[in-house]
Amino acid sequence: MKDSLEHIFLKDIYSKPGPNYVEAPENLADMVHEIIKTYYKHLLVELDDCSLLKSTFCIEGNEISSRNFLFQTNSNKYIAKRIPQDGNYNKIMRLSMLHKSLSVDLPIPSIVCNQNDELFTKGHDGFYWIVLEFVEGIYYDGYLLQPLEVIAKAHCCLHGRLGRDSFDESLFDKICYSMGDEDELWRFALQHHNTLDRYFMPEFASMIIDYKEKIEHALHFTELFTLENQNDALCHHDWHLYNLLIMNDKVSAVLDLESISISCPNISIAFGSFKVLRQYMVCHKYDCADAAAAVKVYMQNAYTTQMDADEINRYVKIELLRRIFIILRLGFRHRDTAWAYNLPMHIRGLQEIDTISAMYK
Ligand SMILES: Nc1ncnc2c1ncn2[C@@H]1O[C@H](COP(=O)(O)OP(=O)(O)O)[C@@H](O)[C@H]1O
Ligand SMILES: [Mg+2]
């Protein structure tokens, strides 16, 4: 048992402290300046020259993002987000609608309108642009217990609002937990277990083999092959540490509202809880006496209705399997391995959630 525990709760892509702001290369800084000068001139009132826009930074979360920019004027800091126009009308519409309505009573950054009083800008450069107030804060690093309570409360509060408010649902994507081909994909993986490195890099291919029984057990336990999709509410589907900012023991910002989609609240909340709690475990390891307390603090504050440990375990595994099968599907059907680097994180997650839910019992 000790052996297998040594391979879990390792630092992952969300374990690096941050955010880090990296000076933007000149071409990107110029692009942001051009947009601000053309559509957001009112932010520069005291300045007659765009070169006086002080500085522009890219933001480094798990990678240096080419979508989000921090820019500073003489008096303020803002975040500019860009989204390609092609195929993303619904995305920019839901993003602007959610920021506008949720920022009233949740820690969600408000939108700064353009000079025509519009929530977003259709730029001449092929991108939609949205400018947000900049919020100070850092990512939760897992050391302290106390922030878990405020993160869990924000989690619960956001889902409460999303469940109660009426939004235009046609703008949102639906999450499919089971696409109906998982059985076939899994049989394919087993039949080709000796040659999986034709599809994935050897370290990822061997992960699938090493954890074969764990995956198989999760497939049976979740009943994934026959699972009915239960998409009944809007949920923040990407509740992880880089989508939250913490300041003075409070959640100062909930970010990435683009990932709000129609899905199953229990799965979404259980999985988001898991992402936050695993970072606590990364810092404190499974033998820390506080670990069980951390799990309880989160679980008791994140849910309006309590779930038991087995339900949480099953919901987290459904989401982990959904993510694992997206990677297998892309690899086997399209020879696309762009997301395969996340495979170890999701596969180890199956073991990690067993450890966490055992503490919750
Ligand atoms: N309003 C904001 N105030 C401060 N930082 C922000 C704000 N919006 C985004 N960020 C920073 O940018 C990062 C990426 O933003 P996010 O909205 O999550 O976009 P992405 O979809 O690229 O992950 C966040 O982790 C955070 O550090
Ligand atoms: Mg994000």
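Observations on the model:
- Relative contact order, whole percent, for segment 20-133 stands at 24, derived from Cα pairs under 8 Å and 6 or more residues apart.
- Taken over the Cα atoms of segment 146-360, the convex hull encloses 128 Å³ per residue.
- Sorting SER263, SER75, SER170 by the number of Cβ atoms found within 10 Å of their own Cβ, with the fewest placed first, yields SER170, SER75, SER263.
- Remark: spin-label model distance ARG333-HIS42 equals 4.7 nm, labels positioned 7 Å along the Cα→Cβ axis.
- Considering only ILE59, SER101, ASN116, the residue lying farthest towards the positive end of the dipole of segment 20-133 is SER101, judged by Cα position with unit charges set on Cβ.
- Rounded to the nearest 10 degrees, the inclination of helix 309-334 to the longest alpha-carbon principal axis of the chain is 80 degrees.
- Bridge type composition, the chain - antiparallel percent by DSSP, nearest 5: 95
- Loop trypsin sites (Lys or Arg not before Pro), segment 282-347 (other Cβ atoms within 10 Å of the site Cβ: 13 or fewer; DSSP): LYS285, ARG335
- Annotation note: GluC sites (Glu not before Pro) in segment 79-156 located in DSSP loop regions with a Cβ neighbour count of at most 15 within 10 Å are GLU118, GLU136.
- Shape class for the chain: prolate, because the ratio a/c of the largest to smallest gyration tensor axis (alpha-carbon atoms, square roots of eigenvalues) is 1.5 or more and a/b beats b/c.
- Virtual spin-label span in nm between GLU169 and LEU28, 7 Å along Cα→Cβ: 3.8
- Segments 18-30, 204-216 sorted - mean Cβ within 10 Å per residue, highest first: 204-216, 18-30
- Rounded, prolate or oblate (a/c below 1.5 giving rounded, otherwise prolate when a/b exceeds b/c) for segment 20-133 by Cα gyration tensor: rounded
- Computed from Cα positions, the angle between helix 265-284 and the longest principal axis of the chain comes to roughly 90 degrees.
- Counting only residues at least eight positions apart within a chain, or on another chain, the lysines with an alpha carbon under 23 Å from that of LYS174 are LYS91, LYS100, LYS275, LYS317.
- Listed from fewest to most Cβ neighbours within 10 Å, the set CYS113, CYS235 follows the order CYS113, CYS235.
Read-outs throughout are calculated quantities, based only on the coordinates presented, and are distinct from any laboratory measurement. Since the structure is predicted, the reported quantities are computational estimates derived from the model, not experimental observations. So basically every Cβ, Gly included, is an ideal-geometry build from the backbone, and we count neighbours across all protein chains shown.
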